[in-house]
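Chemist: The structure follows.
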Amino acid sequence: MPSKVSASRLCGVPETLLLPLYNRALESRRPDAIVRDEQAIELLGRIDYDFSRFGKLHVGFPVRARRMDDIVRAFLARYVDGVVVNLGRGLDTQFYRVDNGRVLWFEIDLPESIGVRREFFEETARHRTLACSALDFRWMEEIEGRSPVMFVAAGLLPYFPPDEVKRLVATLATRFPGSEMVFDTVSEWFSKLSLKGKAKIGEFILPPMPWGMNRNDLYQVESWHSGIEIVGRMDFTAGYRLRWGIIGIASALPFVANKFHACTVHMRFKRQA
């Protein structure tokens, strides 16, 4: 049996790439799994890390994966030769879950995260990696001229300062008209909690998340650039309230859903006249 790969090089935000992997693996073992990811189960067994720090299964991670998988699949059904750019996804296996056999896929993440990724995945002509920050816009030069593009940012934007989130999204809208983007948010309440060092999953303290936005305020994103059009937004409990237990039931109240829950946001970058 091959030796395990150490995750010791990961700290701070890069360490959080292990959280969705862990939760997708746990979810995949359920008979009623929201998302099935056999690769996540395999990877979990090959990484030297104390995953017990993350505690019990957190349903938000498989819900996010399922939502984003569905959006990307729909995009590739419309554009079979489309391009997908996966921002800050570390050990994400979305490519293998939604691959239509023709998509050109880019994984973009920090060098330490890409270094761990390359221990498990090999690049191909259609599935490539770029080791850089999503805020280092030089990666866009590799993508420009390819169209249409779906940009995916799961568990990434909340870790950026608000001005940098706006700059990234507005730049994508300017340079990639006709493309789309899906990302997730955390609420203002959870953002503030993380800045105090009190946002936890299990015993793992999440790094600070400077950017948070409540569900009812998401329309403000359209003011960042004239080409941005939000085509869908949904909090993480919608459609899965029973899996969330008491939290899911309480989230049927609009006030609770607005103030306390993460959302998935799908938007389109309109072509300018």
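Bear in mind these aren't lab numbers, they're just calculated from the coordinates by the rules spelled out. Bear in mind that the values here come from a model prediction, so they are computed numbers and not experimental data. With ideal geometry, Cβ positions are generated from the backbone for all residues, glycine too; neighbour counts draw on all protein chains shown.
Chemist: Of the options A153, Q94, Y219, report the single residue whose Cα projects farthest towards the positive end of the charge dipole of region 86-237 (beta-carbon charges: Lys, Arg +1; Asp, Glu -1).
Modeler: Value: Y219.
Chemist: Given a Förster radius of 51 Å and the C-beta distance between S223 and S6 as r, what FRET efficiency does 1/(1 + (r/R0)^6) yield to the nearest 0.05? All intermediate terms of the calculation are to be shown ahead of the outcome.
Modeler: Details: r = 45 Å, r/R0 = 0.88.
The computed FRET efficiency comes out at 0.70.
Chemist: About its Cα centre, what dipole magnitude does the chain give when the only charges are +1 on Lys and Arg Cβ and -1 on Asp and Glu Cβ, stated in debye to the nearest 20? Write down the numbers at each step before the final one.
Modeler: Working: 38 positive and 33 negative charges, 131 e Å.
With Lys and Arg at +1 and Asp and Glu at -1, about 640 debye.
Chemist: So what is Rg over Rh here for region 67-269, counting just Cα atoms and using Kirkwood for Rh?
Modeler: Details: Rg = 17.0 Å, Rh = 17.7 Å.
We get a ratio of 0.96 for region 67-269.
Chemist: Considering only DSSP beta bridges with both partners in region 67-269, what is the antiparallel share in %, to the nearest 5?
Modeler: On the way: 15 of 33 bridges.
Percentage antiparallel, nearest 5: 45.
Chemist: In whole Hz, with x marking every Gly and Pro, tabulate ³J(HN,Hα) for region 62-75 from phi via Karplus 6.51 cos²θ - 1.76 cosθ + 1.60, θ = phi - 60°.
Modeler: x, 4, 4, 4, 5, 4, 6, 4, 4, 5, 5, 4, 5, 4
Chemist: Please pull out the direction-averaged projected area of region 222-273, using the convex hull of its alpha-carbon atoms, in nm² to one decimal place.
Modeler: Details: hull surface 16.9 nm².
For region 222-273, the mean projected area of the Cα convex hull comes to 4.2 nm².
Chemist: To continue, here is another question. How far apart, in nanometres, would the label points at L135 and I41 be if each is projected 7 angstrom from Cα along the Cα-to-Cβ direction?
Modeler: 3.9 nm
Chemist: Right, another one. Hey, what do the phi angles of region 206-217 turn into as Karplus ³J(HN,Hα) couplings, whole Hz, using 6.51/-1.76/1.60 and θ = phi - 60°, x for Gly and Pro?
Modeler: Per-residue couplings from phi come out as 6, x, x, 10, x, 10, x, 8, 6, 4, 6, 9 Hz.
Chemist: Would you kindly state how much longer the chain becomes between I230 and R118 on full extension, computed as 0.36 nm times their sequence separation minus their alpha carbon distance, in nm to one decimal? Could the numbers behind the result be given before it?
Modeler: On the way: separation 112, 0.36 × 112 = 40.32 nm, distance 3.43 nm.
Extra length from I230 to R118 when fully extended: 36.9 nm.
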